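Working notes, beginning with the structure itself.
The values are calculated or read from the model by the stated rules, or taken from the named source; none is laboratory data. Keep in mind the model is a prediction, meaning the values are calculated, not measured. When we count neighbours, we look across all protein chains shown, and the Cβ atoms used for this are built from the backbone with ideal geometry, even at glycine.
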């Protein structure tokens, strides 16, 4: 400790401004922490090696390993050993939960993925270097994102498989009303003239109001670039694992596009004994109306809106026919016919769900949260001419999903968590390594003393005492 304080004093003396001083002290602290942790790992490795030797394992060699933590690169010794069957192991790596050839700690990998979900890979690498002792290239950032994202994707696949193999539905949270929306957003693919569709669903339990601010209650998302069948399988599995919807009224919302029809919602939430309500998204209705009749205000648009709100098909047709009669441009007429087909094909889905159910919640609002939530994808994956491979795009949306749902770290560390028995072994090894760490006591030599006799030195006893001096 005294040497650390002396070094800090020296840094303070050698720097002439506060910024340089703080940067130098931070760098020194990183070096100290990394060195100490390396020593600790090396001592623990020695304890584990001796334990394995008692069990009949044989030592092959001692190697150096370097792992990058948030406070710097930690270098330590780990022992390659062979078990009784002759299989090779690095017991310390297995004990710590390090994968083979792992060069960054689990926290660094998760932090890199989380940072890259909001920034480009180059920017993520730059920020990490600026604020931590982590130095990685932008290609390494991409590799880490794929590794972490695939962990979330694998967890979702396991959840789907578990539901398919289960004899009965899991016991989940019971709610009276359950809400779901789904839509897709396209991002550029690496193949020429080919895009990737990110399929996106959001489910929630209702709304919470804090003053004038309204937020969704317990929102969860499902994102994937996989085909439609797998997407809806994940939606169904997620809902079944977290909720018991047998007695819930399920309200859904979508634009009615291919892959997001009312039949898909009905199938995904089939555990409910009530019919699943699916309404046509108001945003897409307004968007389609503006495309057909152009922007701005007009009596035709007001009349069409009123007819749809009153659910009067005749009035809707009359207003649209009247507007079409004023057109001469074939392209504009074609836009009107596209809009007509879109609305007529989804006419039964144009309603306000609050008017369709009995005893709707007091805080009930209209649906339409999907468009604002799509920004999680579009802001990261559609700017500056980005292109995504199938693997990279899937990894990125799974990282985003894990972060939004708060599951990313848990699923990534799922196979690295210790059981209770393993944790007891950890405590035992740490205690033994503490004993190894304690230095032996320094020798103080033989104790000296004298015995007062209070007799003359000329006597026999006095002469004997003098001989011992």
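Remarks
For every residue, the table says whether it meets (1) under 33 Å from the mean Cα position of the chain (by Cα); (2) closer than 21 Å to residue 136 by Cβ; (3) in a helix (DSSP H, G or I).
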residue	(1), (2), (3)
8	no, no, yes
29	yes, yes, yes
41	yes, no, yes
49	no, no, yes
60	no, no, no
64	yes, yes, no
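- Summed over the range 367-399, residues that are free of Cβ contacts under 8 Å to residues at least 12 places away in the same chain and within 18 Å of the chain's Cα centre (by Cα) total 2.
- Residue that is in a helix (DSSP H, G or I), touching a residue at least 40 places away in the same chain (Cβ under 8 Å), within 23 Å of the chain's Cα centre (by Cα) and within 29 Å of residue 386 (Cβ to Cβ), where the choices are 235, 221: 235
For every residue, the table says whether it meets (1) without any contact (Cβ under 8 Å) to a residue 12 or more places away in the chain; (2) part of a helix (DSSP H, G or I); (3) within 14 Å of residue 199 (Cα to Cα).
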| position | (1), (2), (3) |
| --- | --- |
| 226 | no, no, yes |
| 239 | no, yes, no |
| 247 | no, no, no |
| 252 | no, no, no |
| 266 | no, yes, no |
| 272 | no, no, no |
| 285 | no, yes, no |
| 288 | no, yes, no |
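- Flag for residue 247 being over 30 Å from the mean Cα position of the chain (by Cα), in the same structural domain as residue 340 (by TED's automatic domain parsing), at pLDDT 90 or above and surrounded by fewer than 18 Cβ atoms within 10 Å (Cβ to Cβ): no
For every residue, the table says whether it meets (1) in contact with a strand residue (DSSP E or B) (Cβ under 9 Å, 6 or more places away or on another chain); (2) surrounded by fewer than 17 Cβ atoms within 10 Å (Cβ to Cβ).
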| residue | (1), (2) |
| --- | --- |
| 28 | no, yes |
| 38 | yes, no |
| 59 | yes, yes |
| 92 | yes, no |
| 101 | no, yes |
| 133 | yes, no |
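- Meets criteria (over 23 Å from residue 372 (Cβ atoms) and without any contact (Cβ under 8 Å) to a residue 12 or more places away in the chain) for residue 194: yes
- In the range 348-366, of all residues being surrounded by 14 or more Cβ atoms within 10 Å (Cβ to Cβ) and assigned to a helix (DSSP H, G or I), the one that is farthest from the chain's Cα centre (by Cα) corresponds to 349.
- Any pair with Cβ under 7 angstrom, 6 or more apart, that starts in the range 332-361 at a residue that is free of Cβ contacts under 8 Å to residues at least 12 places away in the same chain and outside the structural domain of residue 321 (by TED's automatic domain parsing) and ends at one that is assigned to a loop (DSSP other than H, G, I, E, B) and surrounded by 13 or more Cβ atoms within 10 Å (Cβ to Cβ): none
- Scope the range 377-389; condition in contact with a strand residue (DSSP E or B) (Cβ under 7 Å, 6 or more places away or on another chain) and either more than 16 Å from residue 141 (Cβ to Cβ) or part of a loop (DSSP other than H, G, I, E, B) (or both); matching residues: 377, 378, 382, 386, 387
- Failed condition for residue 111, given (1) in contact (Cβ under 8 Å) with a residue 40 or more places away in the chain; (2) under 27 Å from residue 230 (Cα atoms); (3) in a helix (DSSP H, G or I): (2)
- Residue 199 being surrounded by 14 or more Cβ atoms within 10 Å (Cβ to Cβ) and at pLDDT 95 or above: yes
- Scanning the range 1-10 finds one or more residues that are in contact (Cβ under 8 Å) with a residue 24 or more places away in the chain, surrounded by fewer than 16 Cβ atoms within 10 Å (Cβ to Cβ) and in the same structural domain as residue 73 (by TED's automatic domain parsing).
- In the range 144-165, the count of residues that are part of a loop (DSSP other than H, G, I, E, B), at pLDDT below 95 and either touching a helix residue (DSSP H, G or I) at 6+ places or on another chain (Cβ under 6 Å) or buried (at least 20 other Cβ atoms within 10 Å of the Cβ) (or both) is zero.
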